[in-house]
Amino acid sequence: MACWLFKSEPATWSWDDQVARGAAGEPWDGVRNYQARNNMRAMVPGERGFFYHSNQGKAIVGIVEVCAPAHPDPSTDDPRWECVDIRAVRALPRPVTLEACKAEPRLAGMVLVTNSRLSVQPVTEAEWAVICEMGGLDGE
DNA sequence: GCCAACGTTGGC
DNA sequence: GCCAACGTTGGC
């Protein structure tokens, strides 16, 4: 199973907003970047991702699950754009900051570190495990 | 608030 | 198809 990372500015859509949606989840709409869209197209329901707060917080704060495969983005009529739905799974006991990721040698190749502008990113299994450990989870 | 990095657009 | 101009993102 592939792992992912979703970035959001908390002022626009925060982890708390995501949690408030509960099991119904929320379309991850508004993405207007081909690489990010392609990543969402590759997602399969049940796969998990990290939820990252950009700008304010700059930390991975929770884990989400893809609950609907890619479908047309409801926020536009442009057929080029698609999105998946995600739902909150759990918060990380300890948020993992961008600073901490940069300081961890095992995460040197992580997209969040090397291309911070990509809003929907792939995460390797190894990176997933390291961040779970840093965040206070044994594995997930 | 600044600015560097990056992606997209559009003229040629 | 190239590339300059522009807009946006996001760390600092």
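If you go through the range A:1-27 and pick out every residue that is assigned to a loop (DSSP other than H, G, I, E, B), within 16 Å of DNA strand C (Cβ to nearest atom) and in contact with a Lys or Arg (Cβ under 8 Å, 6 or more places away or on another chain), you end up with 0. Listed by first and then second residue, the pairs linking a residue in the range A:6-18 that is within 16 Å of DNA strand B (Cβ to nearest atom) to a residue that is among the small types (Gly, Ala, Ser) and not in a helix (DSSP H, G or I), with Cβ atoms under 6 Å apart and 6 or more places separating them unless they lie on different chains, are A:Lys7/A:Ser54; A:Lys7/A:Ser119; A:Glu9/A:Ser54; A:Pro10/A:Gly57. Residues of the range A:56-64 include none that is part of a loop (DSSP other than H, G, I, E, B), surrounded by 18 or more Cβ atoms within 10 Å (Cβ to Cβ) and more than 16 Å from DNA strand C (Cβ to nearest atom).
Any residue at all in the range A:97-117 that's of a type in the set (Asp, Glu), free of Cβ contacts under 8 Å to residues at least 24 places away in the same chain and either over 24 Å from A:Ala20 (Cβ atoms) or surrounded by 21 or more Cβ atoms within 10 Å (Cβ to Cβ) (or both)? So far as the range A:97-117 goes, no, none of its residues is of a type in the set (Asp, Glu), free of Cβ contacts under 8 Å to residues at least 24 places away in the same chain and either over 24 Å from A:Ala20 (Cβ atoms) or surrounded by 21 or more Cβ atoms within 10 Å (Cβ to Cβ) (or both).
If you check A:Ala36, A:Ala68, which single one turns out to be in contact with a strand residue (DSSP E or B) (Cβ under 6 Å, 6 or more places away or on another chain) and part of a strand (DSSP E or B)? Of A:Ala36, A:Ala68, the one residue that is in contact with a strand residue (DSSP E or B) (Cβ under 6 Å, 6 or more places away or on another chain) and part of a strand (DSSP E or B) is A:Ala68. Only one entry of A:Val96, A:Val130, A:Val111, A:Val120 meets the criterion of being within 16 Å of DNA strand B (Cβ to nearest atom) and farther than 18 Å from A:Glu65 by Cβ, and that entry is A:Val111. Which numbered condition trips up A:Pro93, out of (1) part of a strand (DSSP E or B); (2) of a type outside the set (A, V, I, L, M, F, W, C); (3) within 16 Å of DNA strand C (Cβ to nearest atom)? Status for A:Pro93: all satisfied but (3).
No lab work stands behind these numbers, since they all come straight from the coordinates. The model shown is predicted, which means the values in this text are computed figures rather than measured ones. Every residue, glycine among them, receives a Cβ derived from its backbone with ideal geometry; neighbour counts consider all protein chains shown.
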